[in-house]
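Enquirer: Here it is, the structure, as structure tokens.
Nothing in this text is a laboratory measurement; each read-out follows from the coordinates by a stated rule. Computed from a predicted model, the values in this text were never measured in an experiment. Reconstructed Cβ throughout: ideal geometry from the backbone, glycine too, with neighbour counts over all protein chains shown.
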């Protein structure tokens with residue numbers, strides 16, 4: 001992942017995943033994909049036990065990550081990625097189709113998520129850098 005940010009309805013730019021999120025998007029030859037985004041410096045659970053977190057720890061863990069997998073296709077004429085989500089950390093996306101306008105230039109894939117999962121009218125952007133194979 002190169003960056004992730006949101007443009008608010010008033011034009012301001014925010015970063016729900018921080019300035020330097022960690023993320024990985026992998027797509028195989030059959031179009032199966034796995035996508036993960038994590039906010040840097042998420043707080044650890046003080047108890048050290050995933051089943052015994054505080055409300056604040058659970059909130060930070062959920063809002064500090066976004067993951068989903070399924071199948072992705074490319075609609076080249078319309079510059080759209082079509083994600084058919086099989087499972088997601090945001091359950092409302094499971095079994096749904098997500099269509100995202102994209103650009104690909106100089107090894108950077110950028111796409112917009114028009115209906116933000118945050119419900120605040122923001123448009124989220126994910127920017128991915130193509131990894132060079134050795």
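Enquirer: With springs only between Cα atoms under 10 Å, which of 121, 107, 23 fluctuates most in a Gaussian network model of the chain?
Expert: Maximum fluctuation in the GNM of the chain, among the listed residues, is at 107.
Enquirer: Then there's this: Among 57-67, 8-18, what's the highest-first ranking by average C-beta atoms within 10 angstrom per residue?
Expert: Most protected by this proxy first, the peptides run 57-67, 8-18.
Enquirer: Now for a different question. Which residue fluctuates most in the GNM of the chain (Cα springs below 10 Å): 88, 40, 56?
Expert: Per the Cα network of the chain with a 10 Å cutoff, 56 tops the list.
Enquirer: Run the numbers for residue 106 and residue 133: contour at 0.36 nm per residue of separation, minus the present Cα-Cα distance, in nm.
Expert: Working it through step by step, the gained length comes to 8.2 nm.
Enquirer: Suppose only helical runs count, i.e. DSSP H with n ≥ 4. What mean residue ellipticity at 222 nm does that imply for the chain under -39500 (n - 2.57) per run, divided by all residues and rounded to the nearest 500 deg cm²/dmol?
Expert: -2000 deg cm²/dmol, from helical runs alone.
Enquirer: For residue 62 and residue 78 in one chain, what is 0.36 nm times their gap in residues minus the Cα-Cα distance, to one decimal in nm?
Expert: Stretched out fully, the residue 62 to residue 78 stretch lengthens by 2.5 nm.
Enquirer: Using the Kirkwood radius over Cα pairs, work out the Stokes-Einstein diffusion coefficient for the range 3-129 at 4 °C and 1.567 mPa s, in µm²/s as a whole number.
Expert: 83 µm²/s
Enquirer: Still on this structure, please answer the following. Assuming 0.36 nm per residue, please report the length gained on full extension of the stretch residue 42 to residue 125 beyond their Cα-Cα distance.
Expert: 27.8 nm
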